[in-house]
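As structure tokens, the structure follows; a few thoughts come after it.
The values are calculated or read from the model by the stated rules, or taken from the named source; none is laboratory data. For clarity, every value in this text was computed on a predicted model and none was experimentally measured. All Cβ positions, even for glycine, are placed from backbone atoms using ideal geometry, and neighbour counts span all protein chains on display.
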Amino acid sequence: MRDVLIILGILLALYIFYKMMVKEPLLPWMEVKEKPLKVNQKNKKQKGQYQEAESIRQFLSKVKDIKDNMFILSNNKYTKVLEVTPVNYFLLSQEEQEGIDAQFETWLAQIDYNVQLYMQNRFIDLDEPITAMEETVQRERTLGLSDLAVEYASNLVGNLREWERTTPRYDTKYYVVLPYQVEVNKLEADSKEELQEKIHRKAQQELNRRTNTAVNSLTKANMQVKELSNVGLVELLYYTLNRRKAAKLKFKDIMKNDSFSLYVTANQTDEHIEKVKELIRDEIA
């Protein structure tokens, strides 16, 4: 009897050891409670930033040109971007909310093509309101504004600039992205140049139609919609690739200093620049 108990004990120990190794319950009707995995938030954030940077890199590798308010990509793909200023939905009445929902649903029902939504966070830029305040103070000063009021306004402007520098805040921009790929096999042309022209015209016509559809529906839903120009598309890429740098090196300052110019030249008068441009146009013609 004693030997039987010893053998049963050894078999029970082996059984428990086996179940622990294969991570199965000791009894068939029991479930193993898996321990929750601990996620390193820092690594998760870095992974998300890497994936975003990789997707941006892949997109930029396909961009061939920016023309007629469109990204021209490889494989006859074109993309337009619309900036949307949203309405404050939750401050509206029930009736107004239902009207916005109806217009948005109408737009979605009209489209049978790919539409992408893109949100971009930017540092708030206070240059324009601060400049407007400074101009107002200078104008009122000439009309007899008191020295105390001028001092107050100067301190206010200084505090705003210091706040912008030390405590940056984000502003979210909302975009509707309209991609389109031209089906070349449906086009006929006698030359490569004519085919490329027809491809571009076809993409422009189709994207303009999609843009008008979005603008008509979203505007009726009290949303302001603006098609990004060539400069707007470049600005969008600039803030995408230089989020932190853009807080100090602002895009409008880059444009003002002609940093996107193809050629570096000395400072010249506007008359001289226009004369050179006219000579270039005559030479090309």
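Residues that are in a helix (DSSP H, G or I), assigned by TED's automatic domain parsing to the domain that holds Met223, surrounded by 11 or more Cβ atoms within 10 Å (Cβ to Cβ) and of a type in the set (Lys, Arg) occur in region 61-82; there is at least one.
Of the residues Glu193, Glu105, the single one that is of a type in the set (Asp, Glu) and more than 30 Å from the chain's Cα centre (by Cα) is Glu193.
Could you please find all residues in region 226-257 being more than 15 Å from the chain's Cα centre (by Cα), surrounded by 15 or more Cβ atoms within 10 Å (Cβ to Cβ) and not in a helix (DSSP H, G or I)? The answer is Lys250, and nothing else. A residue that is surrounded by 16 or more Cβ atoms within 10 Å (Cβ to Cβ), touching a strand residue (DSSP E or B) at 6+ places or on another chain (Cβ under 6 Å) and on the phi < 0 side of the Ramachandran plot cannot be found anywhere in region 93-106.
Annotation: of all residues in region 166-195 being polar (S, T, N, Q) and in contact (Cβ under 8 Å) with a residue 40 or more places away in the chain, the one that is surrounded by the most Cβ atoms within 10 Å (Cβ to Cβ) is Gln181. Pairing residues of region 199-213 that are crowded, with 18+ Cβ neighbours inside 10 Å with residues that are part of a helix (DSSP H, G or I) and not polar (S, T, N, Q), at Cβ distances under 9 Å and at least 6 apart in sequence or on separate chains, gives Ile199/Val184; Lys202/Lys186.
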